[in-house]
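Before any comments, here is the structure.
The values are calculated or read from the model by the stated rules, or taken from the named source; none is laboratory data. Predicted model, so just to flag it, every value in this text is computed and none were measured. When we count neighbours, we look across all protein chains shown, and the Cβ atoms used for this are built from the backbone with ideal geometry, even at glycine.
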Amino acid sequence: MMVPLDPCNKPTSQRRITEGDTVVVYERHDSMRAVTVSAAGVLQNRFGVFRHADWLGRHFGSKVFSSGGVGGKGGRKAGGGFVHLLAPTPELWTLVLSHRTQILYIADISLVVAYLELVPGCVVLESGTGSGSLTTSLARAVAPHGRVYTFDFHDQRADSARKILRRMA
């Protein structure tokens, strides 16, 4: 499978959230999750109830407050708690993806990219896609004209990684 990634898009702080986007919901320093935005979607967590419709049109990086209910410990304020809506960078993606296999974290990935001397335009062949943590960082390192070709012998993992990588594109 070839990994699509186009870093030539607008900086994430200038992009607005639209239906179908994948957003990393930053709840607190030790709690984040990836969510695909849909107009009818709702996220409920310890900080309150968050309607996806309220996210549409906002910039990535926005702080959003819950749309009612009791949020936080003891409901600190009437509106409930808040979360931040972040763009799914390879660094954040490594932290929120489900770890179906052993993954590399960003410190190790940086070393791999440096040792391989990857620059835009390189072609990379990755053996063992796994969860796609390394794959997304490799794609960013060689973008916009390079390519990452990756394969995994385990069909179920390959299908899961394919779906994840399409979400990240």
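Summary of computed values
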read-out	value
Residue, farthest from the chain's Cα centre (by Cα), within the range 86-109, restricted to residues that are in a helix (DSSP H, G or I) and β-branched (Val, Ile, Thr)	Ile109
Answer from Gly74, Gly121, Gly79 - the residue that is on the phi > 0 side of the Ramachandran plot and at pLDDT below 90	Gly74
Residue check for Arg166: basic (Lys, Arg) and touching a helix residue (DSSP H, G or I) at 6+ places or on another chain (Cβ under 7 Å)	no
When residues of the range 1-36 are limited to those that are of a type in the set (Asp, Glu) and not in a strand (DSSP E or B), the one modelled with the lowest pLDDT	Asp6
Residue pairs meeting the criteria (Cβ under 6 Å; at least 6 apart or on separate chains; first within 16 Å of Leu165 (Cβ to Cβ), in the range 114-133; second in a loop (DSSP other than H, G, I, E, B) and not acidic (Asp, Glu))	Gly130/Thr101; Ser131/Leu97; Ser131/His99; Ser131/Arg100; Ser131/Thr101; Ser131/Ile103; Ser133/Ile103; Ser133/Leu104
Odd one out for Ala39, checked against (1) more than 30 Å from Thr129 (Cβ to Cβ); (2) modelled with pLDDT under 90	(2)
Scope the range 116-169; condition assigned to a helix (DSSP H, G or I) and over 21 Å from the mean Cα position of the chain (by Cα); matching residues	Asp155
Close pairs (9 angstrom Cβ cut-off, 6 or more residues apart or separate chains): on the phi < 0 side of the Ramachandran plot and crowded, with 16+ Cβ neighbours inside 10 Å in the range 152-165, in a helix (DSSP H, G or I) and hydroxyl-bearing (Ser, Thr, Tyr) anywhere	Ala161/Thr135; Ile164/Thr135; Ile164/Thr136; Leu165/Thr135; Leu165/Thr136
Pair list, Cβ under 6 Å, 6 or more apart: the range 87-101 residue buried (at least 17 other Cβ atoms within 10 Å of the Cβ), other residue small (Gly, Ala, Ser) and part of a helix (DSSP H, G or I)	Pro90/Ser137; Thr94/Ser133
